[in-house]
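Colleague: One structure coming up, written as structure tokens, with questions to follow.
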Amino acid sequence: MIRQGHELTADETVSCDVLVIGSGCGGATLAASLAERGRDVVILEKGGYWTREDFDQREEHMLAKIDGGRGLDTSDDGGVALTYGNNVGGASVHYWADSYRLPADRLAVWEGDYGIEGHGAERLRPLWERLEADLNVHVADDSYVNEMNRRLKSAADAFGWKVERVPQARRGCVRSGHCMQGCAYDAKQSQLVTHIPRALEHGARLFADVEASLLVWQGRRVAKVLAHVQDRSTNRPTGVVVTVEPKVVVVAAGGYGTPRFLVRQGLQQRLPHVGEHLFCNPCPMAHALFDEDIVQWRNIPAAWGVEEFRVGRHDASGAYVEGGYLLMANQLQPGTLAAVLPGVGPKHRALMRQMPRLGGTIAWIDDVERGRMTLEPGGKARLHVPLVGENRERIRDAWRKQARVLLHAGAREVMFGDAADTRLTREDQIDAAVASISVEPSRNVLAAPHPGGGARMGRDVTDSVVGYDHRVHESDNLYVADPSVFPSPPSVDPSLTIMAFSYVAADHVHQALG
């Protein structure tokens with residue numbers, strides 16, 4: 001059953017075994033797992049219920065529908081653009097469908113450095129296998145590789161860099177290139193077409209356009225959750241309230257949404273790590289003008305990934321040397337590309353006239369310096385993302401590697417989209433050009449699509465927010481199931497690991513219900 005905001009015209013109260021707040025990779029997976037085991041599940045999703053009929057492949061339409069900030073949300077100083085879902089299916093509706101298992105080296109860090117228990121390789125491997133079968137995860141053949149990806153692969157091979165095919169969650173892909181506008185062909189295996197339908201088939205109830213607002217406590221238990229119906233056209237409350245009386249509450253509002261929700265509940269007073277340790281994979285980009293057509297906005301976005309620099313390298317004294325990011329070909333539709341290209345007036349128009357010949361790359365930086373979520377006096381949540389220290393060094397190194405690979409791939413000119421419009425045409429210009437680029441707020445474009453860490457997993461309240469069973473410390477029935485529980489960036493697209501962790505969380509919730 002799906003009920004949408006326009007259908008909810010009067011206050012009502014519902015009860016259930018499990019209330020899931022959020023319907024992305026974490027919430028949808030957990031909801032399906034519990035519904036399949038006979039649990040009475042209610043899902044609250046703040047955003048709208050959009051389907052293939054709504055995905056018109058128009059950037060200006062879809063950004064307003066499925067992006068959490070309608071394309072305008074940033075960190076507190078404007079230095080990073082925040083990308084997250086605001087729709088049934090969450091960010092999986094506009095993600096690229098990259099579907100990696102958590103690398104063994106990162107899993108070793110989580111177990112060794114952070115002491116994570118119950119989420120080791122033996123526990124996760126069968127879950128990844130199940131997810132890969134359910135979501136048809138595979139590496140795409142050459143017919144799905146666009147020109148920018150081919151050139152990236154050729155240049156990386158010439159340098160001797162490690163480059164691997166990217167695992168994809170797709171079925172019947174038509175190569176449209178509109179992955180970030182929602183798949184109008186239901187080929188991308190997002191939560192909208194996988195775990196959400198499975199949950200509904202087994203009796204789950206989904207409320208779209210309904211934002212969970214307040215946890216009502218009785219001692220250590222959440223007794224009620226008050227939620228406000230949203231007017232989808234304005235993103236403002238209609239005044240109608242849905243009260244949910246659950247046995248268990250699972251917050252799965254995403255890497256930005258969950259810490260924001262928990263901070264607004266005042267939990268920082270007894271859980272000081274709520275909203276701390278946030279990471280978001282700030283992404284520096286480089287653009288390039290070629291002599292031939294590239295048409296970067298067609299076919300799948302990332303067919304090949306340069307993994308040579310995925311793990312950061314340091315010298316014997318611990319000083320940063322290079323790496324700490326995954327490097328890929330970029331895919332931007334013309335509207336978004338126009339927004340991030342450098343220059344104004346005639347200079348910008350000159351680039352736009354050559355748009356089919358523009359290619360580019362993007363690097364997913366693993367944050368070393370962590371951010372934090374705080375509240376303003378009026379209750380608005382603010383995210384601080386520090387672009388300093390090793391974060392800044394990694395960003396600059398990623399720009400250097402991107403410039404080098406683009407020039408070797410045949411670029412006539414490489415641009416960084418910064419306010420000073422830094423450009424270069426030769427490899428011997430790279431170091432000086434990159435050193436001159438300002439990393440200060442609003443001087444360049446950095447996206448941030450992979451948040452997490454704001455409710456990290458650990459031993460107790462002295463170092464974390466949730467335990468190894470995903471239950472919030474000092475509560476009896478409040479859980480978290482999304483990347484907020486990750487102790488550090490996973491170094492690859494997090495979606496498959498979010499889902500695997502959510503299966504683990506579902507097991508603990510099921511056991512807690514008896």
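The values are calculated or read from the model by the stated rules, or taken from the named source; none is laboratory data. Note that the structure is predicted; figures quoted are calculated from it, not measured. A quick note on method: Cβ atoms are made from the backbone with ideal geometry, for glycine too, and the neighbour counts reach across all protein chains shown. Heads up: the accessible areas ignore ligands, DNA and RNA and are worked out on the full protein's heavy atoms, side chains in. Shrake-Rupley method; radii C 1.70, N 1.55, O 1.52, S 1.80 Å.
Colleague: Read phi for every residue in the range 273-278 and hand back ³J(HN,Hα) as whole Hz from Karplus 6.51 cos²θ - 1.76 cosθ + 1.60, θ = phi - 60°, with x for Gly and Pro.
Modeller: Once rounded to whole Hz, the list reads 8, 4, x, 8, 6, 5.
Colleague: So what does log10 I(q)/I(0) come out to for the range 371-514 at q = 0.18, 0.19, 0.21 Å⁻¹, using the Debye formula with one equal point on every Cα and no solvent?
Modeller: -1.05, -1.12, -1.25
Colleague: Only Lys, Arg, Asp and Glu count, each charged at its Cβ (+1, +1, -1, -1), so figure out the dipole size of the chain about its Cα centre, rounded to 20 debye.
Modeller: Around 520 debye, computed over the chain.
Colleague: Among rounded, prolate and oblate, which fits the range 467-514 when a ≥ b ≥ c are the square roots of the eigenvalues of its C-alpha gyration tensor, a/c under 1.5 means rounded, and a/b larger than b/c means prolate?
Modeller: Note, shape of the range 467-514 comes out oblate.
Colleague: Let me ask something else. Looking at Ala158, Val241, Ile362, which one has the Cα that reaches farthest to the positive end of the dipole of the chain (charges on Cβ: Lys, Arg +1; Asp, Glu -1)?
Modeller: Projecting each Cα onto the dipole axis, the largest value belongs to Val241.
Colleague: To the nearest 20 debye, what is the magnitude of the charge dipole of the range 1-146 about its Cα centre, counting +1 on the Cβ of each Lys and Arg and -1 on the Cβ of each Asp and Glu?
Modeller: 280
Colleague: Amide H of His473: which non-local residues (sequence gap of 5 or more, or other chain) have their own amide H closer than 5 Å, using H built in the peptide plane?
Modeller: Val466, Gly467
Colleague: Please list the equivalent ellipsoid semi-axes of the chain, computed as the square roots of five times the alpha-carbon gyration tensor eigenvalues, in descending order and whole angstrom.
Modeller: 37, 24, 22
Colleague: Mind pulling up the Rg/Rh value for the range 130-247? Radius of gyration and Kirkwood radius, both on Cα.
Modeller: Rounded to two decimals, Rg/Rh equals 1.16.
Colleague: What ranking, highest mean first, results for peptides 12-20, 379-387 when packing means the other Cβ atoms within 10 Å averaged over each residue?
Modeller: 12-20, 379-387
Colleague: Okay, helix-only estimate at 222 nm for the chain: each DSSP H run of n ≥ 4 adds -39500 (n - 2.57), divide by all residues, round to 500 deg cm²/dmol; what do you get?
Modeller: Value at 222 nm, helices only, nearest 500: -8000 deg cm²/dmol.
Colleague: Here's something else I'd like to know. How large is ³J(HN,Hα) for each residue in the range 458-473, as worked out from phi by the Karplus curve 6.51 cos²θ - 1.76 cosθ + 1.60 (θ = phi - 60°), to whole Hz, x for Gly and Pro?
Modeller: My calculation for the range 458-473 gives x, 6, 7, 5, 6, 9, 6, 10, 10, x, 6, 9, 6, 7, 5, 4 Hz in order.
Colleague: Distance in nm between label sites at Ala104 and Asp431, each 7 Å beyond Cα in the beta-carbon direction?
Modeller: 3.7
Colleague: Can you give the Rg and Dmax of the range 265-338 based on its C-alpha atoms, in angstrom?
Modeller: 19.0, 60
Colleague: Using the Cα gyration tensor of the range 50-200, with a ≥ b ≥ c the square roots of its eigenvalues, what is the shape: rounded (a/c below 1.5), prolate (a/b larger than b/c) or oblate (neither)?
Modeller: Rounded is the answer for the range 50-200, as its axis ratio a/c remains below 1.5.
Colleague: Which percent of the Cα-Cα distances in the range 235-279 go past 18 Å?
Modeller: In whole percent, the long-distance tail amounts to 45.
Colleague: Send over the per residue convex hull volume for the range 340-445, Cα only, as a whole number of Å³.
Modeller: 132
Colleague: Computed from the mean reciprocal separation of all distinct C-alpha pairs, what Kirkwood hydrodynamic radius does the range 20-66 have, in Å?
Modeller: 12.3
Colleague: Suppose the chain between Asp141 and Ala64 were pulled fully straight at 0.36 nm per residue; how much longer would it get relative to their current alpha carbon spacing?
Modeller: Computed gain between Asp141 and Ala64 is 24.4 nm.
Colleague: Can you bin the range 220-331 into rounded, prolate or oblate? Criterion: square roots of the alpha carbon gyration tensor eigenvalues sorted a ≥ b ≥ c, rounded for a/c under 1.5, prolate for a/b above b/c, oblate for the rest.
Modeller: oblate
Colleague: Ranked from the most accessible area to the least, with a 1.4 Å probe and all protein chains present, what is the order of Val321, Val295?
Modeller: So the residues, ranked largest to smallest area, are Val321, Val295.
Colleague: I would also like to ask the following. Which value, in debye to the nearest 20, gives the size of the charge dipole of the range 393-466 about its Cα centre, when Lys and Arg are +1 and Asp and Glu are -1 at the Cβ?
Modeller: Charge dipole, the range 393-466, about its Cα centre: 180 debye, nearest 20.
Colleague: Same structure again: Could you state the orientation-averaged shadow area of the convex hull built on the Cα atoms of the range 347-406, in nm² to one decimal?
Modeller: Mean orientational projected area (the range 347-406, Cα hull): 7.0 nm².
Colleague: Could you work out what % of the accessible surface of the range 233-335 is carbon and sulfur, using a 1.4 angstrom probe and leaving DNA, RNA and ligands out of the count?
Modeller: 47
Colleague: Length gain on complete extension for the stretch Ser438 to Ala339, per 0.36 nm per residue less the alpha carbon to alpha carbon distance?
Modeller: That works out to 33.8 nm of additional length.
Colleague: Mean separation of Cα pairs under 8 Å and 6+ residues apart, divided by the residue count of the range 390-514: what relative contact order is that in percent?
Modeller: 15
Colleague: Got a sec to turn the phi values of the range 353-359 into Karplus ³J(HN,Hα) couplings, 6.51 cos²θ - 1.76 cosθ + 1.60 with θ = phi - 60°, whole Hz, x for Gly and Pro?
Modeller: 5, 10, 3, x, 9, 8, x
Colleague: Sort 301-310, 409-418, 90-99 by packing, meaning the average of other beta carbons within 10 Å per residue, with the highest value first.
Modeller: Sorting 301-310, 409-418, 90-99 by mean packing, highest first, produces 90-99, 301-310, 409-418.
Colleague: What order do you get for 215-225, 471-481 when each peptide is scored by the mean count of other beta carbon atoms within 10 Å, highest first?
Modeller: Output ranking for 215-225, 471-481: 471-481, 215-225.
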